[in-house]
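Heads up: the structure comes next, in structure tokens.
Rule-based calculations on the coordinates, nothing more; no lab input. All of these numbers come straight from a predicted model, not from anything done at the bench. Neighbour counts run over all protein chains shown; Cβ positions are idealised from the backbone, glycine included.
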Amino acid sequence: MATNDIKGGRTLISVFDRKRFSVKIGYIVCYLIAIGLAVSTFYPLLWVFFGALKNASEIFVVPPTFLPKTFLWENFAKAWALYEIPKVVLNTFYVFFGVIAVKLLVLSSAAYAISHLKVPFKKTLYLIFLATLILPFFAYIIPAYLVIHNLRLIDTYWALWLPAGADSFSLLLLKGFFDDIPKDLFEAARIDGASEIRVLRSIVLPISKPILAVLAIFAFMNVWRDFIWQQIILPSASNWTISVALYWHSLNQQGATKPYNIQLAAMLLGTIPPMIVFLFFQKYLIGGITFSGIKG
């Protein structure tokens, strides 16, 4: 298909083809499909948002109403206080910073070693890490719990931080990016007397900012939405993260007594931070994945 420059960009369809009636119809159909997908994606969020602004009894009115009769903005303030949103959000960010620190320290070193150092059985190790991606989380949740229990790390954040250093997906993602870094940079640094740790710290990591940003985004999303492991490991209310707090205050017998409009308001407050992170950092996510050589 011919390509054409339009305002400095490249398109797959020429200007002449774009004027054809059939092509215009195709564009209209594509736009309608995109609008339909967008509406289907945002409708649940809008339903939760307007439900949080309703009176509790209005949520179950038959026939159901989409917009509230009276906008009760104070429901968000009540959810903020009842669910202790500031404390659980702070706990979640605390877990995230520990996770990303462990990933940066352990996985970057391991990926650099597999990618550019002479490691015995390098290919075998690579295949083992690759094979672990096949296993679902529930296949090793019991052994992981037994290890954490034997180390007496139950109800501590170390039980969430330490497993982050065994993330095969992040390791392979880093390795794929490190493989594309020119080896001449390493050779020049070694000739100048730099140790491997210095090469990693001063050359590899600064060059790898795009993929490190991707790992940070993935880590944040995983920490924010992780429930099962956090709920098992963190029984104390003082250590609850946002996902565990939403469960205990909404879905168990104790939380069932809270009005549904307050529950919806708390759930919506819990979705705001990851949405903000994704909207502001999606360019790093797309760019980092592209640089790492991962194909869809």
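Key figures for this structure:
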quantity	calculated
Least to most buried among Phe97, Phe21 (fewest other Cβ within 10 Å first)	Phe21, Phe97
All lysines inside 25 Å of Lys24 as judged from Cα atoms, apart from same-chain residues fewer than 8 positions distant	Lys7
Pairwise centroid distance, computed over Cα atoms, of segment 36-95 with segment 180-254, Å	30 Å
Reachable lysines from Lys87, criterion Cα separation under 24 angstrom, eight or more residues apart if same chain	Lys78, Lys258
Glu84, Glu187 arranged by Cβ crowding within 10 Å, fewest neighbours leading	Glu187, Glu84
Qualifying chymotrypsin sites (Phe, Trp or Tyr not before Pro) for segment 138-220 [loop in DSSP, other Cβ within 10 Å: at most 15]	Tyr140
Mean separation of Cα contacts under 8 Å (6+ apart) over length of the chain, as relative contact order %	26 percent
The chain, dipole about Cα centre (Lys/Arg Cβ +1, Asp/Glu Cβ -1), debye to the nearest 20	620 debye
Environment charge of Ala113, counting only residues whose C-beta is closer than 11 Å and scoring Lys/Arg +1, Asp/Glu -1	+2
Reach of Lys283 by Cα under 17 Å, taken over lysines that are not fewer than 8 positions away in the same chain	Lys209, Lys295
